[in-house]
Structures are given as C-alpha cells and as structure tokens.
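Engineer: First the structure, which I've put down as structure tokens, then a few questions once you've had a look.
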Amino acid sequence: MKKVTILGTLMIAISASSFSSAVAAASNDSLTVYSTRKEHLIEPLFDAFTKKTGIKVSYLTGKGGALIERIKLEGRRTKADIFMTVDAGNLWYAATQNLFQPVESEIIENNIPTHLRDPEGLWTGLSVRARTIIYSTERVNPDELSTYQDLANKKWEGRLCLRTSKKVYTKSLVSSLIYHDGLEKTTDIVRGWIDNLAATPHAEDVHIMTSILAGQCDVGIVNSYYFGRLQAEDPNVALKLFWANQDSTGTHVNVSGAGVTKHSKSPESAIKLLEFLTSVEAQKIYVELNKEYPASQKIKADNLIALWGDFNQDKMNLSVAGKNQADSVSLMQREGYR
Ligand code: FE
C-alpha cells in the first residue's frame, strides 16, 4: 500500500511538472512574424527553426506600410514578435515609428557585418542584394562602364533605363550617393541620369531588363536577384551585371532584414529566431530560394551568383539609407525624376 502511495505521489508530481511546462510552451514557445516577404521565402526558414528548437512560428504577410500601421495600432496587444521586411529604408522607417526594441546578441554581431545592422541593434540585415549596373552584352562594351555617377555622362544619352524614384530601392541608392558625394554633386548626377533616360522610369526592375533586351535602352540599374532569376530561366540571356564603383566606394548593397518588436511577449525566443536566421543553415536557404547574397560572410553565395564574380560592397552603414531618405526624395522631386 505504501509503495502505491509513493508511486501515486510521484505520478502527480510528474504530471504537475509536465502541465506547467506545457503552459510555458504555449506562452513562450511560439512566435508570430509580420512579414512583407512572401510565404515561399519565409516558410522554409521558419520550418527549419521549429525543427531545431521546437518553437512554432506563425506569420502574417502583407504590404510594409499596412503592417507597420497594424503593429502601431495593436500596441501592447500586438501578436507580432518580429517585423521582417526588405530595404534598409523600410527598416529604418519602422524603427522611427518605434516598432522595435534593441537587441544585443553576440551571435548576430559575429555573423553579420556592422554596416548591415542598425547601430542601436533595432534591426539586422538577413540577406544582401546588390543594386548595380546591368547592360546589353550586344551593344555595350563593359570597358565603357564604371560607376553610377558615370551613367550621368553624355555618352549614355538615350541609352539609360531606371526604376521609378517612388521605389525605396531608388531612394536608398540616391541616399548613398548623397552620403558619398554630397547634395550638390548628387543633384548633378540625378539630373544627368534624367537627361540620359531612354524611357519613363520603370515600375519594376524586371521591366528594365526586358527594355534592354528589346533594344529600348542599353544600360540600367537593378537588384542582383532579379537578374539571377532571369538567368536561371535563360542562361544565355544577352545581359550582364557590372559591379559599379569598384575603384571607389563599392557597389551599393541593401538588405532584407528584421527586428524584434517593442511589445513582443517572447523577446528571448524572438532573439533566438533572429540569431537562427543569421546562421549558416538559414543563410544557405536565403541564397537558394531567392538568388540573394548571404548577409553572413561565413558562407559562399549560390553557384549561379558566385559566377558573377566577387565584388567590393559599399560599407556605408545602411541606417544612412534611411537617414538621407527625405533629402533623397526631395532632390529627385526637384529634378523631375518620376
Ligand atoms: Fe525586389
């Protein structure tokens, strides 16, 4: 009888402890990510994280502006533990809207170079895209190419295609020119670009590439992964990337990235997810899925993008892309860059 009693007490103790850990799992061990990145890009990353840690990840995808407003409106009640988006300009904007809490993590600091992270730890870059020159291999000799600034040169008159100034990618690139060259010189560059345009600025990078292929223009500026996708479909496409500004400031890069929300209920698990996304395992998934460059310099890029050769990145801290954004927008408006 005594034995049974002891066993009975023991069993109660066990089930009580497993009950409390089940409660802990429900409250802490699940995360919610609000993301502007599409489902097919993020789901494999979250699945790998859950497999490793047991922490479940649910997500909500949408447009950046709407998700930022939603997190602000939800305030302390928000389910979002992490906000994830593309372009440092957008991450910077989210930070100015008080969305994030600072994160200090040796793992992230070891994996991601300083210029791809917010100086206050509010967000970190997770994948890199280079915004560089693309050209027709039929009508352009790469010896003619050098810098973003040079695309303002008369020799490109009627030969240039650009993305609209409304796109954050353009704003961030012009922000970097303001950082390196100052407002006055950047104004001249933007004016020169506009004078050289072969067509009204395009709504999509993909349209820039199709315009070059159609002979409407000879050179343009695009994000590397758009070319990567095109080249994966057609390895013989008559276009090539040229690494801009290799003898000066380096090629303008940008990131997709994320930060832990201010009102996250599980900041520790959220940091774990962010750390995982910077790991070699997750960085490989990024590269394979979207032809992006790893933000971590611990791994080599995908075979296809490795084929384009190594290049020097612009080491400007990407928070500057946000800080200079207002100047960049008003400059482009003044110059009539549509
Ligand atoms: Fe894009």
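Engineer: With the condition kept exactly as written, say whether any residue in region 134-156 is of a type outside the set (Val, Ile, Thr), open to solvent by less than 10 Å² (accessible area, probe 1.4 Å) and in contact with a Ser or Thr (Cβ under 9 Å, 6 or more places away or on another chain).
Structural biologist: yes
Engineer: Any chance you could count how many residues in region 111-150 are within 16 Å of the ligand (Cβ to nearest atom) and either in contact with a Cys (Cβ under 6 Å, 6 or more places away or on another chain) or of a type in the set (Val, Ile, Thr) (or both)?
Structural biologist: 3
Engineer: Could you say whether any residue in region 294-308 is open to solvent by less than 10 Å² (accessible area, probe 1.4 Å) and either acidic (Asp, Glu) or assigned to a helix (DSSP H, G or I) (or both)?
Structural biologist: There is at least one residue in region 294-308 that is open to solvent by less than 10 Å² (accessible area, probe 1.4 Å) and either acidic (Asp, Glu) or assigned to a helix (DSSP H, G or I) (or both).
Engineer: Also: If you check every pair at least six apart or on different chains, which have Cβ atoms under 7 Å apart with a residue in region 101-122 that is surrounded by 12 or more Cβ atoms within 10 Å (Cβ to Cβ) first and a residue that is among the acidic types (Asp, Glu) second?
Structural biologist: Pro102/Glu120; Ser105/Glu275; Ile107/Glu275; Ile108/Glu275; Gly121/Glu104
Engineer: Among the residues of region 265-275, is any open to solvent by 20 Å² or more (accessible area, probe 1.4 Å) and within 16 Å of the ligand (Cβ to nearest atom)? Walk me through how you get there before you give the answer.
Structural biologist: Here is the first cut: in region 265-275, the residues open to solvent by 20 Å² or more (accessible area, probe 1.4 Å) are 265, 267-268, 271-272, 275.
So of that shortlist, the ones also within 16 Å of the ligand (Cβ to nearest atom) come out as none.
No.
Engineer: Which residues, counting only those in region 82-99, are more than 16 Å from the ligand (Cβ to nearest atom) and either touching a His at 6+ places or on another chain (Cβ under 6 Å) or open to solvent by less than 10 Å² (accessible area, probe 1.4 Å) (or both)?
Structural biologist: Going residue by residue through region 82-99, those that are more than 16 Å from the ligand (Cβ to nearest atom) are 82-83, 92-99.
Within region 82-99, Ile82, Phe83, Ala94, Leu99 meet the criteria.
Engineer: Scan (1) under 25 Å from the mean Cα position of the chain (by Cα); (2) loosely packed, with under 15 Cβ neighbours inside 10 Å for the single condition Gly215 breaks and write down its number.
Structural biologist: Answer for Gly215: the failing condition is (1).
Engineer: Which one of Ser175, Ser165 is part of a loop (DSSP other than H, G, I, E, B), touching a helix residue (DSSP H, G or I) at 6+ places or on another chain (Cβ under 6 Å) and in contact (Cβ under 8 Å) with a residue 24 or more places away in the chain? Break it down into steps so the answer makes sense when it comes.
Structural biologist: On the way: Ser175 fails: part of a loop (DSSP other than H, G, I, E, B).
When all the criteria are applied, what remains is Ser165.
Engineer: For Ala203, only one of the following conditions fails: (1) closer than 25 Å to Trp92 by Cα; (2) away from the ligand (no atom under 16 Å from the Cβ). What is its number?
Structural biologist: (2)
Engineer: Run down Ser279, Ser266 and say which single residue is modelled with pLDDT of 95 or more, assigned by TED's automatic domain parsing to the domain that holds Phe49 and either in contact with a strand residue (DSSP E or B) (Cβ under 7 Å, 6 or more places away or on another chain) or on the phi > 0 side of the Ramachandran plot (or both).
Structural biologist: On the way: Ser279 fails: either in contact with a strand residue (DSSP E or B) (Cβ under 7 Å, 6 or more places away or on another chain) or on the phi > 0 side of the Ramachandran plot (or both).
When all the criteria are applied, what remains is Ser266.
Engineer: Please go through (1) without any contact (Cβ under 8 Å) to a residue 60 or more places away in the chain; (2) over 14 Å from Leu151 (Cβ atoms); (3) polar (S, T, N, Q); (4) buried (at least 20 other Cβ atoms within 10 Å of the Cβ) for Thr249 and return the number of the only condition it doesn't satisfy.
Structural biologist: (1)
Engineer: Residues of region 309-335 being of a type in the set (Asp, Glu), out of contact with any Gly (no Cβ under 8 Å at 6 or more places or on another chain) and surrounded by 14 or more Cβ atoms within 10 Å (Cβ to Cβ), which ones? Steps first, please.
Structural biologist: From region 309-335, those of a type in the set (Asp, Glu) are 310, 314, 327, 335; that's our starting set.
From what is left, the residues that are out of contact with any Gly (no Cβ under 8 Å at 6 or more places or on another chain) are 310, 327, 335.
Answer for region 309-335, where residues must be of a type in the set (Asp, Glu), out of contact with any Gly (no Cβ under 8 Å at 6 or more places or on another chain) and surrounded by 14 or more Cβ atoms within 10 Å (Cβ to Cβ): Asp327, Glu335.
The values are calculated or read from the model by the stated rules, or taken from the named source; none is laboratory data. Since this is a predicted model, take the numbers as computed values, not measurements. Cβ sites come from the backbone with ideal geometry, for glycine too, and all protein chains shown count toward neighbours. Please note that ligands, DNA and RNA were not included when accessible areas were found on the heavy atoms of the full protein model with its side chains. Shrake-Rupley method; radii C 1.70, N 1.55, O 1.52, S 1.80 Å.
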